[in-house]
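I have placed the structure first, in the form of structure tokens, so that the comments after it can refer back to it.
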Amino acid sequence: MAGRNGKTQTIRNMLLSLAVVIPVAALSYLFIPHDGSGDPVRTIGYRVELDTARRAAPYPVAAPEGLGEGWRATSVSYKAGGKQGSAWHLGFLDPQRQYVAVEQSDGPAPAFVDEVTQRAEKTGRTEKIGGAVWQRYEGPKYNALVREEPGVTTVVTGSATQERLMEMAAALRTGKAKG
């Protein structure tokens, strides 16, 4: 080994390694699918969670029926007995990809409405939708429609237009769990 320079040998080995690794990486890149046009938002089914919430909740749980084309459910949850009471959440993207959520709770209405509407404020205006009167709220992030009934507060909120919030409110139905 006398006469060999250690630094030259190390650089030579590194270059040989790169000569092998770079073509393998380039070929791998070519054969891995790259579809950037795919929708990153996952649509979910919520029937099981809805039935479970309808069995467990101390109030009639609301969910939409008969929404038009393009509405996609994206999130669902039911939490019993939390700081906001027993809370139901069902989130959607409307056909214009704006967020709309149905929120319900049997907890104190002012704190619940403030939280789920991202601090929207009551406008003093109302909307009559499906025979029920809804209070309009407006805020910097979300607008909302709020209906307070004995034992439950229902909120339709989100970044969608007022018309889309009204469409969701009109589609809400309560019912018993299936099964």
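The values are calculated or read from the model by the stated rules, or taken from the named source; none is laboratory data. Everything numeric here is computed off the predicted structure, so don't read it as measured data. Please note: Cβ atoms are built from the backbone with ideal geometry, for glycine as well, and neighbour counts cover all protein chains shown. In case anyone asks, the SASA skips ligands and DNA or RNA and just uses the protein heavy atoms, side chains included. Shrake-Rupley method; radii C 1.70, N 1.55, O 1.52, S 1.80 Å.
Which value at 222 nm does the chain reach when only helices count, each DSSP H run of 4 or more adding -39,500 (n - 2.57), with the total divided by all residues and rounded to the nearest 500 deg cm²/dmol?
The per-residue figure over the chain is -9500 deg cm²/dmol.
Near the amide H of residue 161, under 5 Å away, which other amide H atoms are found, from residues 5 or more places off or on another chain, if H is placed in the peptide plane?
The list, which skips near neighbours in sequence, is empty: none.
Output ³J(HN,Hα) for the stretch 127-136: one whole-Hz value per residue in order, computed from phi by the Karplus curve 6.51 cos²θ - 1.76 cosθ + 1.60 with θ = phi - 60°, and x for Gly and Pro.
In residue order, the calculated couplings are 10, 9, 10, x, x, 10, 9, 10, 7, 8 Hz.
In whole Hz and in residue order, list the ³J(HN,Hα) couplings for the stretch 61-78 that follow from phi through the Karplus curve 6.51 cos²θ - 1.76 cosθ + 1.60, θ = phi - 60°; x for Gly and Pro.
7, 9, 8, x, 10, x, 5, x, 4, x, 6, 10, 6, 10, 7, 8, 6, 9
Find how much the distance from residue 48 to residue 128 grows on full extension, using 0.36 nm per residue of separation minus their present alpha carbon separation; answer in nm with one decimal. Don't skip to the answer; put the middle values down first.
Numbers: separation 80, 0.36 × 80 = 28.80 nm, distance 3.06 nm.
The residue 48-residue 128 span can extend by a further 25.7 nm.
Which percent of the accessible heavy-atom area of the chain goes to carbon and sulfur, probe 1.4 angstrom? Let's see the in-between values first.
Numbers: 6130 of 11020 Å².
For the chain, the apolar C and S fraction of the accessible surface comes to 56 percent.
Using the Karplus equation 6.51 cos²θ - 1.76 cosθ + 1.60 (θ = phi - 60°), what ³J(HN,Hα) coupling, rounded to whole Hz, does each residue of the stretch 166-172 give in order, writing x for Gly and Pro?
Here the 3J(HN,Hα) series is 5, 4, 5, 4, 5, 7, 5 Hz.
For Cα extents along the principal axes in Å, pick the label among (1) 47, 43, 25; (2) 94, 41, 35; (3) 201, 26, 16 that corresponds to the value derived from the coordinates.
(2)
Report, by chain and number, residues whose modeled amide H sits under 5 Å from the one on residue 46, excluding near sequence neighbours (fewer than 5 apart, same chain).
Excluding prolines and chain starts, which carry no amide H, there are no hits.
Mind checking the per residue accessible area of the stretch 25-179 for me, 1.4 Å probe, whole number of Å²?
Numbers: 8690 Å² over 155 residues.
I get 56 Å² per residue for this part.
Could you please report the charge total around residue 94, scoring K, R as +1 and D, E as -1 over all other residues with beta-carbon less than 12 angstrom from its beta-carbon? Intermediate results must be reported in sequence, preceding the final value.
Details: positive: 72, 97, 164; negative: 69, 163, 167.
Summing Lys and Arg as +1 and Asp and Glu as -1 gives 0.
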